[in-house]
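Step one of this worksheet: look at the structure below.
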Amino acid sequence: MGILVSSPGCNPKDKTHSVRKSEVRNDSLTLGIENTYDQIPELPIEISDESFRPLRDFRSSDLQKALEAVIKSDPNLSKLISNRKLCIGLVDLSDWETPSFASINGREMMYAASLPKIAVLLAAEDAIHKRELEETESLKRDMHAMIRYSDNQATTRVIDLLGYEKIESVMRDAKNEFYQEEEGGGLWVGKRYSKSGKTNREPLKNLSHAANAYQVCRFYYRLAFGRLISYDRSRDMLDILKDPGIKHKFVHTLLKLAPDAAIYRKSGSWQSWHADSVLVWDEDRRYILVALIQDSEGERIAQGLVGPVERALNSFKSR
């Protein structure tokens, strides 16, 4: 059976390409082999500027229906959704040339505890790239500790080096647009991860550490294609996000379902707020999942989301 491998500059909407890929997909299903038509690229995926398209272009009504069907079938989750205390974002990257995106309460801003440390990571990488900060060994250690182990002291040291103005400017930069009032906000860090110090709270809800599911999905999506700052800086951020040191929430379940998968992840918890975000990458699983939860059982809820979400993905891909 032949495998079609397209070049980075291939037009994903080219009809000949689509037909040939469909033929290979059908052969694969006949043989009982899933996803054999794909050559799994290493992350970050190299793609031309002409071929790369924003995540909003890939919103899928079919994936949306599949996601809502499995999530809203649970009365407790359905109630949280209605009360805007559960926000979910999902990106299917099985066919990485034509991803699919769905969300529930995707633009709802929530307190996200340590998850927005990815904003500090991006701002630090931007400052290093622009030679505003020296990439010292101590800074690199703090960046790894900030993400892999969610170390608050390390994060505060990086925030102090950058300043709130730098972090906000990177989030608002036209090349990033990770925080936009007119789009429901996004990623924001306006407080040190300590009890002391001035604050720079975001303007929509006066939150100190905030996110919405859509913008976190965009962060991982652009990172997966090497589109944050530069290809090399994106690769460095992926290296820092890989192999999380804390094995709870999504990771707790993923280690059982896909122990050999590459996991790129940042989470956060404080009181009743629980947030998690992950990029999962292997032969059978290639997706981005984000959840923001306000509930005292948020840890358990996050663990339990992975299975239903994967059922939604499988239902979507079988259509």
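The values are calculated or read from the model by the stated rules, or taken from the named source; none is laboratory data. Note that the structure is a prediction, hence the values are computed from the model and not measured. Virtual Cβ from ideal backbone geometry, glycine too; neighbours counted across all protein chains shown. Just so you know, the surface numbers come from the protein's heavy atoms only, side chains and all, with ligands and any DNA or RNA stripped out. Shrake-Rupley method; radii C 1.70, N 1.55, O 1.52, S 1.80 Å.
A few comments on the model shown:
- Scanning residues 5 or more positions from Leu133 or on other chains, those with amide H under 5 Å from its amide H are Ile128, with H placed 1.01 Å from N in the peptide plane.
- Rounded to whole numbers, the Karplus 3J(HN,Hα) couplings from phi for segment 66-80 are 5, 5, 5, 4, 7, 6, 6, 6, 8, x, 5, 5, 4, 5, 4 Hz, using 6.51 cos²θ - 1.76 cosθ + 1.60 with θ = phi - 60°, and x at Gly and Pro.
- Taking every C-alpha pair closer than 8 Å and separated by at least 6 residues, the mean separation divided by the residue count of segment 177-296 gives a relative contact order of 17 percent.
- The protection proxy used here, the mean number of other Cβ atoms lying within 10 Å of each residue, ranks peptides 202-214, 164-176 as follows, highest first: 202-214, 164-176.
- Phi-derived couplings, Karplus 6.51 cos²θ - 1.76 cosθ + 1.60 at θ = phi - 60°, listed residue by residue for segment 171-176: 5, 8, 3, 4, 6, 10 Hz, with x used for Gly and Pro.
- Additional length obtainable on full extension of the chain from Asp95 to Asn206, 0.36 nm per residue less Cα span: 36.1 nm
- The chain - percent relative contact order, Cα under 8 Å, separation 6 or more: 22 percent
- What separates the Cα centres of segment 215-274 and segment 196-211 is a distance of 23 Å.
- The magnitude of the dipole of segment 154-265, with charges of +1 and -1 set on the Cβ of Lys/Arg and Asp/Glu and taken from the Cα centre, is near 420 debye.
- Amide hydrogen proximity for Gly163: with H placed 1.01 Å from N in the peptide plane, no residue at 5 or more positions away or on another chain lies under 5 Å.
- Ordering Ala261, Gly197, Ile240 by Cα displacement along the dipole of segment 190-282 toward the positive end leaves Gly197 in first place; charges were set at the Cβ atoms of Lys, Arg (+1) and Asp, Glu (-1).
- Under the simplified labelling scheme, the Lys130-Lys256 pair shows an inter-label distance of 4.5 nm, with each label point 7 Å from Cα along Cα→Cβ.
- Test item: Cα-centred dipole of the chain, Lys/Arg +1 and Asp/Glu -1 on Cβ, debye: 900 debye
- Percent accessible area from carbon and sulfur atoms, the chain, protein chains only, probe 1.4 Å: 45 percent
- Springs join every pair of Cα atoms under 10 Å in this Gaussian network model of the chain, and among Arg265, Arg53, Arg131 the largest mean-square fluctuation is at Arg131.
- The chain - share of DSSP beta bridges that are antiparallel (%, nearest 5): 95 percent
- Dipole moment magnitude, nearest 20 debye, segment 85-209 about Cα centre, only Lys, Arg, Asp, Glu C-beta charged: 720 debye
- Taking θ as phi - 60° and the Karplus parameters 6.51, -1.76 and 1.60, the scalar couplings of segment 153-167 work out to 5, 4, 5, 4, 4, 5, 4, 5, 5, 7, x, 5, 4, 5, 4 Hz in sequence order, x denoting glycine and proline.
- For Ile45, the residues whose modelled amide H falls within less than 5 Å of its own, excluding neighbours fewer than 5 places apart on the same chain, are Phe225, Gly226.
- Matching label, Cα extents along the principal axes in Å computed from the structure shown, candidates [x] 64, 43, 38; [y] 62, 47, 37; [z] 150, 50, 32: [y]
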